[in-house]
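Trainee: Sending over a structure as structure tokens; questions will come in a sec.
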Amino acid sequence: MEPKIFLIYSFLIFGYIQAEDDVNNKAFPDDFLFGTATASYQVEGAWNEDGKGENIWDRLTHTRSSLISDGSTGDVACDSYHKYKEDVALVKELGSQHYRFSLSWSRILPNGTADVVNLAGVTYYRNLIKELKDNNIEPLVTLYHWDLPQVFQDQGGWPDEFIVDKFADYARVCFELFGSDVKYWLTFNEPKQTCLGGYADGSKAPALQNPGVAEYKCTHNVLKSHAKAWHIYDQEFRATQNGKVSITIDTSWYEPDSNSAQDEEATERKRMFEFGWYIHPIFIGDYPEVMKTRIAARSTAEGLSESRLPTFTSEEVAYIRGTHDFLGLNTYSTSMVKAIDDLPIGQTSFYNDVSVNEYQRSDWETAASGWLKIVPWGMRKLLNWISKTFNDPPILITENGVSDYGDVDDTVRVNYYRDYLSNVRSAMEDGANVIGYTAWSLMDNFEWYAGYTEKFGLYKVDFNSPNRTRTPKTSAAYYKKVIQTRCLVDSCV
Ligand code: GOI
């Protein structure tokens, strides 16, 4: 875009904002990190180039295309494998302090295992990291954003314990290869989506459905894998590389339907199932009590001899507890929760184990994605609840954003970022230790089962052009201005 047009855009945006008087007008601290994010399968393309191995999203999009709303694949996606320099230029243009991206396991280790390293894949990530560093952008690297090597799915995938050592080997290879230039690592992106979507409700690859059982086994192994990777870093790399390792957990905010004791209790239970499932073992120790007792009781009622929720030994509890150097948080929306009678014993599922009525209010604004209701105040409540419940961890928001149908003039996205960031800033005033914010996403990309029909980008990508041309949206101009001024409105105090 012409600089002149860019300027006019900024002017228009800030003229509009002036009218808003409920946006927080305190500046963000100088050391607050602003960044943006993508993930390997969603942007890279080059699915079978230069020795990359097949992963579960390659397999799913190629063999079960009816699951993807437009029948599309990530075969080319944004073609970032060839256009990473352009991507970094966009990140730079925004003035981002960091860029969060993920590594494709099967691009680095085509067989999944560490015995064969694919040099071309390693070179790609080395080049990307170097380009970022040359432009003064901090790389924030996710080891696993949902693209398991297919060969490991063929052996059972995450619900099978063999995967723990495979992930640990992969993590060690990555720390070894890239760790001198990477200071922020995330082991997993949203493991709840991997486990519920992949193995219980079928809404993510490998699209298996064994609800009430497989998601708990999956999570058990993910938590062990995360802890093992963290310990490997701690023992073998921390002293020389000096980085930080954590995990990104996703949750909505859950708001009680009323202030009745029943609704409050049901809502806290829902939070513990949706978020405590992962954060409690890592930040406090073991699964939340309410999960252990409820799933055990329901399992007994089902006639099972042991709980469907696997048990950690006390050694394992101690091994997993404390494996964090900060908290990665992805959040997009809010739901209401109302107490109901426990759902009948019979069909097993995570949702039956929770037994609440979850809904979203019809007067909340909807994004292109049906699940994404725009509820900015949920951000503030969520950050404060996490701080209070999990001992005030440093929180790095690793994803937040909104979808539309791709218009370059994306007022909904400008307002979303402004209003959610306003609530982040307010939570910081309340005392939450938020260290940074990462906008999802740098550019339009392959949105999983929604294919290319829902767009989250600050930059538009033309998927009809072989060049995959990138164009800044109005929101890019707004975010750039926010990063520059550290201020959401015209002028801050
Ligand atoms: C991130 O996941 C992710 O890390 C990025 O890769 C991604 O691009 C980005 O977000 C944007 O999505 C209406 C049970 C329709 C089954 C309401 C309950 C469908 C399915 C409500 C509840 C919800 C963000 C799918 C986290 C998966 C979208 C998790 C957000 C589908 C619904 C549902 C609904 C439900 N989620 N994801 N869904």
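Trainee: Short version: what are the Cα gyration tensor semi-axes of segment 223-288, square root of 5 times each eigenvalue, largest first, in whole Å?
Mentor: 34, 11, 8
Trainee: Just the ratio, please: alpha-carbon radius of gyration of the chain over 2.2 N^0.38 Å, N its number of residues.
Mentor: Relative to the 2.2 N^0.38 Å estimate, the chain comes out at 0.94.
Trainee: Based on the mean of other beta carbon atoms within 10 Å per residue, what is the order of 415-425, 381-391, 336-346, most packed first? Write down the numbers at each step before the final one.
Mentor: Details: 415-425: 22.8, 381-391: 18.5, 336-346: 14.4.
Listed from highest to lowest mean packing, they are 415-425, 381-391, 336-346.
Trainee: Sort 220, 226, 62, 145 so the one with the fewest other Cβ atoms within 10 Å of its own Cβ comes first.
Mentor: The most exposed by this proxy come first: 62, 220, 145, 226.
Trainee: In this model, which of 224/244; 192/270; 183/460; 244/480 are farther than 23 Å apart at the alpha-carbon?
Mentor: Numbers: 224/244 18 Å; 192/270 14 Å; 183/460 29 Å; 244/480 27 Å.
In this structure, 183/460; 244/480 exceed 23 Å between Cα atoms.
Trainee: Under a point-charge model restricted to the Cβ atoms of Lys and Arg (+1) and Asp and Glu (-1), what is the dipole moment magnitude of segment 93-436 relative to its Cα centre, in debye to the nearest 20?
Mentor: Around 480 debye, computed over segment 93-436.
Trainee: Averaged across orientations, what area in nm² does the convex hull of the alpha carbons in segment 315-396 project? All intermediate terms of the calculation are to be shown ahead of the outcome.
Mentor: Values: hull surface 33.8 nm².
Value for segment 315-396: 8.4 nm².
Trainee: Order of 477-487, 361-371 by packing, highest average Cβ count within 10 Å first?
Mentor: Values: 477-487: 20.2, 361-371: 13.4.
In decreasing order of mean packing, 477-487, 361-371 become 477-487, 361-371.
Trainee: Next up: If you plug each phi of segment 192-198 into the Karplus form 6.51 cos²θ - 1.76 cosθ + 1.60 with θ = phi - 60°, what whole-Hz ³J(HN,Hα) values come out, in order, with x for Gly and Pro?
Mentor: 4, 6, 4, 7, 6, x, x
Trainee: For segment 361-437, what is the largest minus smallest coordinate of the Cα atoms on each principal axis, given in angstrom and ordered from greatest to least?
Mentor: That gives 40, 26, 17 Å along the principal axes, largest extent first.
Trainee: Run the numbers for residue 162 and residue 411: contour at 0.36 nm per residue of separation, minus the present Cα-Cα distance, in nm.
Mentor: Taking residue 162 through residue 411 to full extension adds about 84.9 nm, to one decimal.
Trainee: Now, a different point. Using Cα pairs closer than 8 Å and at least 6 residues apart in sequence, work out the relative contact order for segment 350-493, in percent.
Mentor: 23 percent
Trainee: Here is a follow-up. Please give the peptides 459-465, 126-132 ranked by average Cβ packing (other Cβ atoms within 10 Å per residue), highest first, as a rough proxy for protection.
Mentor: With the highest mean Cβ count within 10 Å placed first, the list reads 126-132, 459-465.
Trainee: Still on this structure, please answer the following. Could you please rank 316, 429, 454, placing first whichever residue has the fewest other Cβ atoms within 10 Å of its Cβ?
Mentor: 429, 316, 454
Trainee: I'd like the Karplus ³J(HN,Hα) series for segment 368-384: coefficients 6.51, -1.76, 1.60, θ = phi - 60°, whole numbers in Hz, and an x wherever there's a Gly or Pro.
Mentor: So the J values, rounded to whole Hz, are 4, 7, x, 6, 9, 7, 8, 9, x, 5, x, 4, 5, 5, 4, 4, 5.
Trainee: Along Cα→Cβ, 7 Å out, is where each label goes; now give me the distance between the ones at residue 492 and residue 467 in nm to one decimal.
Mentor: The answer from the label model is 3.6 nm.
Trainee: How much length would be gained if the chain were fully extended between residue 127 and residue 264, taking 0.36 nm per residue of separation minus their Cα-Cα distance, in nm to one decimal?
Mentor: Result: 44.3 nm gained on full extension.
Trainee: Now, a different point. As an exercise, use a Förster radius of 35 Å and the Cβ-Cβ distance of residue 292 and residue 115 to find the FRET efficiency, rounded to the nearest 0.05.
Mentor: 0.35
Trainee: Please list 3J(HN,Hα) in residue order for segment 44-49, calculated via the Karplus relation 6.51 cos²θ - 1.76 cosθ + 1.60 where θ = phi - 60°; whole Hz, with x for glycine and proline.
Mentor: Here the 3J(HN,Hα) series is 5, x, 6, 5, 10, 8 Hz.
Trainee: Another question, then. For residue 347 and residue 284 in the same chain, what is the full-extension length gain: residue separation times 0.36 nm, less their Cα-Cα distance, in nm?
Mentor: Result for the pair: 19.6 nm of gain on full extension.
Trainee: Only Cα pairs under 8 Å and at least 6 apart count here; give the relative contact order of the chain as a rounded whole percent.
Mentor: Answer for the chain is 19 percent.
Trainee: Would you kindly enumerate the cysteines in the chain that have no other Cys beta-carbon under 4.7 Å from their beta-carbon?
Mentor: Cys with no partner Cβ under 4.7 Å: 78, 174.
Trainee: Follow-up. Using only helices, what value at 222 nm comes out for the chain when you add -39,500 (n - 2.57) per DSSP H run of length 4 or more and divide by the total residues, to the nearest 500 deg cm²/dmol?
Mentor: -11500 deg cm²/dmol, from helical runs alone.
Trainee: Would you pull out the residues with amide H under 5 Å of residue 440's amide H, same chain only if 5 or more places away, H placed 1.01 Å from N?
Mentor: Here the answer is 400, 401, since their amide H atoms fall under 5 Å of that of residue 440.
Rule-based calculations on the coordinates, nothing more; no lab input. What you see is a predicted model; the values in this text were computed from it and never measured. Note that we place each Cβ from the backbone using ideal geometry, even for glycine, and neighbour counts take in every protein chain shown.
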